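The values are calculated or read from the model by the stated rules, or taken from the named source; none is laboratory data. Source: prediction; values computed, not measured. Here the Cβ positions follow ideal geometry from the backbone for every residue, glycine too, while neighbour counts run over all protein chains shown. SASA here: full protein model, heavy atoms, side chains in, ligands and nucleic acids out. Shrake-Rupley method; radii C 1.70, N 1.55, O 1.52, S 1.80 Å.
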Amino acid sequence: MTGIIRRLPLAVMTGLGGYLVLLAFVPRLVVANPETEVVSAALALGYNAPLAYSVVLLWSLILILSAALSGKAHMAAPEPALGCGRFVIWELVAVFALFFLAYFPVFLARYAPITEDHGFITALFRMVCGQIPFKDFEFLYGPAMIYSLWWWGQVFGVSVTSYFSFLAMQEAVQFTVLMAVLQLAIADRRRRYLVFLLVLPFLVDTLLGVNWSALRRLLAVFALLLAAMRPFDFRMNVAVAVLIGLYATYSHEYAAAALFGIGLMYGVLLLGPNRRRALVSGPVIALGALVVWAAGIYAMLGPDWPHYIETMKRVVGVMSQGHVSFAFHWTLNSVALFTLMTLACLAVGGAMTRFRQGASMGDLFLVGAFGFTLVALKSGLTRADHWHLGAAFTALFFAFLLPLNSLAVSISPQMRKAGVILIAIAGLSYLLGIHSSSKRYARAYLRGAEDVLSGARTVEFAPGEFRGPTAEEEHTKPNAKLSAIGRYLADPARTDRPVLYYGTAWMVAPRIGACSEYFPLDALMYSELPNPGAEFLERHRDAFVVMTRADYLRVFEGETKQKESELALIPWLGSWLTSVHFTQVDLEARLLQDARDRTTGAYLREYYELENLPEPFGREVLLRPKAR
């Protein structure tokens, strides 16, 4: 064992060095050549983001094979777990109350939408307008993610407050379940709290979108734990199949990653003495998950399910070619994560010959978590920011933090301690990445709390004053300029005319109270590139267009306002310590802007003009079609 420990630092440095060199140079040597039009900061910077993922897969395989060739054939000494714990009710109640209050809906609704909640509130309001997800508007995730919100709204009403009540309940429940799992796995209270705090930075949702709720990744952890716990128990196989199937209706990409991880588990079991049982249990989970997924999709979408498949194929297709990808560069955060990846490769590879003699829960969970990371890194390296990279490593964090019994995989105390330190480094640097979103969230929360607790009332609008629901009626101080546009569009003489929101103006749609009828939901152009807004406007020649004043001045008057360069400490530190997002998000915004201006912008210049409203415009303006 001493020899192995001595060789470990050299193996880790070699493995990490390969990642460092290959990801830094290889994707810049081969020019990306996407088959369809994409908008990509990575492409503009000469970085081949799709190739970066292939490089990681290849080098990980080389590390595993190298470790397997140098691994010992005899079984490792069983690694003792800390012992099973029990439920501590007061802890669970405290966690539930803490996270529900952290997202207290009445406070947040006063100043929402804030960040990622824009997309979900917009989608819900479009459903109120009679539109169907995937058929009438684009939605990037599984139907269960939006329909769970919709069903909640049918009980409590579709509103901003209702959205945040759903989010608060989901956050409270998921962290309570996580603490319950930790209570069962870790009897020692201080170690349990340490594990909870180590993973918390990666799981807390400061973006306020359901898509960044921890549930989207924790479901993978729970499914992998259940599959590893009793891999041959039929009832457990069915439970895992149902969980994965439902998970796939909610977040298909992470569910696919979890299913791949489970597949690797049973692949390992095929090497051992229980291969016949593995040949039964593995297909039960895979086929069961497929059936549950198909049934769930049809139950939610009915005959409209082909629109979901078509949307997913289009989104996956353009993402695979590097659409809205960032050029990966090394930060303290990514170095820590890929060092952890190197440790996992060495641990899994070193156990390959020992899997022939059997595998325990810890072995299987590590293999499954590693498989999840391999697949999830596809999106992790496409966006290459701290959010997506961290999400890909979620299951691997728990593989190093949970004290599960291992037989084949030999993780020394030194290796486990190194894993804990790496997770802590990644978590601390991650906090810098969520600094901006945390500020927006905290500002809205505190201002909303002050308004509610001081008795400040919201403004009541008359029925029919807007075309549809508006977030302004839940605000303490509604935006008079946006409300004026909403009232103007709701006039009976105009209420049947479609509205298109140009670029980032889509974010004010829930506040104006007029639903867009254009298929894209946001400004990331997944479906806008092949179907530009100009084509929609040509089909609907009476449509109004809402755009920001900055977009209007640029498109119609050629006026561009460059951001002043300033020495900002957080972005500068963040670009080195945390994420490529700090240095490339503005470039991506300009590229998206340029792509839109070349098509829809040019159309607007020729065929549209400012509408005359009784009140002056604010940050947004309204355009009407010229007489032809």
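Legend: residues 230, 457, 416, 467, sorted from most to least accessible area (1.4 Å probe; ligands, DNA and RNA excluded), read 457, 230, 467, 416. For residue 39, the residues 5 or more places off, or on other chains, whose built amide H falls under 5 Å of its own are 324.
For residue 626 and residue 561, what is the calculated FRET efficiency with R₀ set at 30 Å and r taken between the beta-carbons, to the nearest 0.05? Intermediate results must be reported in sequence, preceding the final value.
Values: r = 26 Å, r/R0 = 0.87.
The value I calculate is 0.70.
Here residue 135 is the anchor, and the aspartates and glutamates within straight C-alpha reach of less than 17 Å, apart from those fewer than 8 places off in the same chain, are 304, 310, 517, 522, 528.
As a calculated quantity, the FRET efficiency between residue 92 and residue 606 at R0 = 56 Å, using C-beta atoms, amounts to about 0.35.
Per-residue surface analysis assigns residue 280 an accessible area of about 90 Å², computed on protein heavy atoms at 1.4 Å probe radius.
Shape call for the range 154-259 from the C-alpha gyration tensor, a ≥ b ≥ c root eigenvalues: rounded (a/c under 1.5), prolate (a/b greater than b/c) or oblate?
Values: a/c = 2.04, a/b = 1.21, b/c = 1.69.
Here the range 154-259 falls in the oblate category.
Ordered from highest to lowest accessible area with the whole protein assembly present and a 1.4 Å probe, 84, 129 read as 84, 129. Each of 206, 271, 521 was scored by the projection of its Cα onto the charge dipole of the chain, and the greatest displacement toward the positive side belongs to 271; charges sit on the C-beta of Lys, Arg, Asp and Glu.
Fully extended, how many nm does the chain gain between residue 37 and residue 298 (0.36 nm per residue separation, minus their Cα-Cα distance)? Before the final figure, lay out the partial values.
Numbers: separation 261, 0.36 × 261 = 93.96 nm, distance 3.18 nm.
That works out to 90.8 nm of additional length.
The slack in the chain from residue 65 to residue 132, taken as 0.36 nm per residue of separation less the alpha-carbon distance, amounts to 19.3 nm. If you sort 496, 136 by accessible surface, 1.4 Å probe, largest first, the order is 496, 136. Overall, the range 236-332 carries a charge dipole of about 400 debye about its Cα centre when +1 sits on the Cβ of Lys and Arg and -1 on the Cβ of Asp and Glu, all other atoms neutral.
Straight Cα distances below 16 angstrom link residue 378 to the aspartates and glutamates 253, with same-chain residues fewer than 8 positions distant left out.
Net charge dipole, the chain: roughly 2180 debye, given to the nearest 20, about the Cα centre with Cβ charges of +1 for Lys and Arg and -1 for Asp and Glu. Taking a ≥ b ≥ c as the square roots of the eigenvalues of the Cα gyration tensor of the range 300-429, is the shape rounded (a/c under 1.5), prolate (a/b larger than b/c) or oblate? The shape class here is oblate.
Could you sort 187-193, 331-337 so that the peptide with the highest average Cβ count within 10 Å comes first and the rest follow in order?
331-337, 187-193
Work out which helices of the chain, taken as complete DSSP H runs, extend at least 15 Å along their axis over the Cα atoms and score a mean Kyte-Doolittle of 1.0 or more, then list them.
Working: long enough: 2-29 (41 Å, 1.27); 49-70 (32 Å, 2.01); 89-102 (20 Å, 2.41); 117-128 (17 Å, 0.79); 143-156 (19 Å, 0.62); 160-185 (38 Å, 1.27); 189-203 (21 Å, 0.81); 215-229 (21 Å, 1.99); 234-250 (24 Å, 1.36); 252-269 (25 Å, 1.19); 275-301 (39 Å, 1.27); 305-320 (23 Å, 0.01); 332-350 (27 Å, 1.76); 361-383 (33 Å, 1.11); 413-433 (30 Å, 1.11); 435-453 (26 Å, -0.83); 581-596 (23 Å, -0.53).
Membrane-span-like by this rule: 2-29, 49-70, 89-102, 160-185, 215-229, 234-250, 252-269, 275-301, 332-350, 361-383, 413-433.
Heavy-atom accessible area for residue 506, with the other protein chains in place and a 1.4 Å probe, reaches approximately 40 Å². Coupling constants for the range 536-548 follow from the phi torsions by the Karplus curve (6.51 cos²θ - 1.76 cosθ + 1.60, θ = phi - 60°), and in residue order they are 4, 5, 5, 6, 10, 6, 9, 5, 8, 10, 9, 9, 5 Hz; glycine and proline get x.
Where both residues lie in the chain, what percent of DSSP beta bridges are antiparallel, nearest 5? Walk me through the numbers on the way to the answer.
Working: 8 of 12 bridges.
DSSP beta bridges in the chain are roughly 65 percent antiparallel.
Among 156-168, 361-373, 383-395, the peptide with the highest mean count of other Cβ atoms within 10 Å heads the list, and the full ranking is 361-373, 383-395, 156-168. Separation of the range 437-454 and the range 225-269 by C-alpha centroid, Å? Between the Cα centres of the range 437-454 and the range 225-269 lies a distance of 40 Å. Which one is right for this structure if Rg and Dmax of the Cα atoms in Å is calculated from it: (i) 27.4, 104; (ii) 25.7, 84; (iii) 29.8, 104? Evaluating Rg and Dmax of the Cα atoms in Å on these atoms matches (ii).
Taking square-rooted eigenvalues a ≥ b ≥ c of the alpha carbon gyration tensor, is the range 196-315 rounded, prolate or oblate, where a/c under 1.5 means rounded and, failing that, a/b exceeding b/c means prolate?
Working: a/c = 2.34, a/b = 1.24, b/c = 1.89.
Oblate shape, in that a/c is at least 1.5 and b/c is the bigger or equal ratio.
When the helices of the chain are scored as -39500 (n - 2.57) per DSSP H run of n ≥ 4 and the total is divided over every residue, the value at 222 nm lands at -20000 deg cm²/dmol. Annotation: extensible slack from residue 187 through residue 22 equals 55.2 nm (criterion: 0.36 nm per residue apart, minus Cα-Cα distance).
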